[in-house]
Amino acid sequence: MELEILQYPDARLKQKSAPVTEITPEIRALAENMAKAMYESDGIGLAAPQVGRFVRLITVDLSGPSQREALKVYLNPVLEALPDPESGKPEGVESEEGCLSVPDYRSNVKRHSRVLLKALDLDGNPVEREAADLEAICLQHECDHLDGKLFIDRISRLKRGLYDGKVKKRLKAAE
Ligand code: NI
């Protein structure tokens, strides 16, 4: 099964996903095919709604498509902002993000620099993990997808307007 990655402005990307209630063979196959699609598209993270499946499942591999050695599949992930170990306060971090569903565009986005992830793995075991830096950013980005949110929903209105203008032009040219 080859998965198609939905692209903005597809309205389905705004849909909220439902929790995984049972780890069926279909869920396992979905995770496997999502990992494949993620690697083939040169991504480090993918969320099920991006392939039109509205369940709370994400795949992440920060080692990237060239190494493919740190694949994680998280079901029903929940994030909590963690304080910075030095200052004792939650810290924000701003970095450039892109998304397989938002082609040819990158922009700075503000995120928490550290998060606590609680989820289930594909065997139904609870996972609890502290993440920082790129991993924390990637998890926040993917979990946003499960709530129908894209990184371009977190940029300034001005930047978003410019991007939407570009998308409109491109769609018109393709008509
Ligand atoms: Ni994305």
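The values are calculated or read from the model by the stated rules, or taken from the named source; none is laboratory data. Keep in mind that this is a model prediction, so the values were computed, not measured. A quick note on method: Cβ atoms are made from the backbone with ideal geometry, for glycine too, and the neighbour counts reach across all protein chains shown. Please note that ligands, DNA and RNA were not included when accessible areas were found on the heavy atoms of the full protein model with its side chains. Shrake-Rupley method; radii C 1.70, N 1.55, O 1.52, S 1.80 Å.
Might you tell me the accessible area per residue for the chain, computed with a 1.4 Å probe and given in Å²?
Working: 9850 Å² over 175 residues.
On a per-residue basis, the chain sits at 56 Å².
Per DSSP H run of at least 4 residues, take -39500 (n - 2.57); add these up for the chain, divide by its residues and hand me the 222 nm value, nearest 500 deg cm²/dmol.
Details: 4 runs with 52 residues, N = 175.
It comes out at -9500 deg cm²/dmol, rounded to the nearest 500.
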Using a simple charge model, +1 on the beta-carbon of Lys and Arg, -1 on the beta-carbon of Asp and Glu, nothing else, what dipole does the chain show about its Cα centre, in debye to the nearest 20?
960
When the chain is modelled as a GNM with alpha-carbon springs shorter than 10 Å, which of 53, 12, 160 fluctuates the most?
160
Packing-based order for 134-144, 36-46, 65-75, 120-130, using average beta carbon neighbours within 10 Å, highest first:
134-144, 36-46, 65-75, 120-130
Need one value: the accessible area of residue 30 in square angstrom, 1.4 angstrom probe, rounded to the nearest 10.
0
Using a Förster distance of 30 angstrom, determine the FRET efficiency expected from the C-beta separation of residue 156 and residue 78, and round it to 0.05.
0.60
Can you list which of the DSSP-assigned H helices in the chain have a Cα extent of 15 Å or more along the long axis and an average Kyte-Doolittle score of at least -0.5?
25-40, 133-146
Could you tell me, in Å, what Rg and Dmax come out for the Cα atoms of region 77-161?
13.9, 44
Take the Cα coordinates of the chain, assign each an equal point scatterer, and use the Debye formula without solvent to give log10 I(q)/I(0) at q = 0.10, 0.16, 0.19 Å⁻¹.
-0.39, -0.98, -1.33
Taking all protein chains in place and a 1.4 Å probe, what share, in percent, of the accessible surface of region 11-174 do carbon and sulfur account for?
49
Given H placed 1.01 Å from N in the peptide plane, which residues other than close sequence neighbours of residue 97 have an amide H under 5 Å from its amide H?
107, 108, 109
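Please compute the contact order of region 11-174 in relative form: average sequence separation of alpha-carbon pairs under 8 Å and at least six residues apart, divided by the residue count, as a percent. Mind dumping the intermediate values first?
On the way: 284 pairs, mean separation 36.7, N = 164.
Over region 11-174, the number comes to 22 percent.
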Residues of type lysines that residue 14 reaches as a straight line, Cα spacing below 26 Å, ignoring anything fewer than 8 places off in the same chain
36, 72, 110, 118, 149, 159, 166, 168, 169, 172
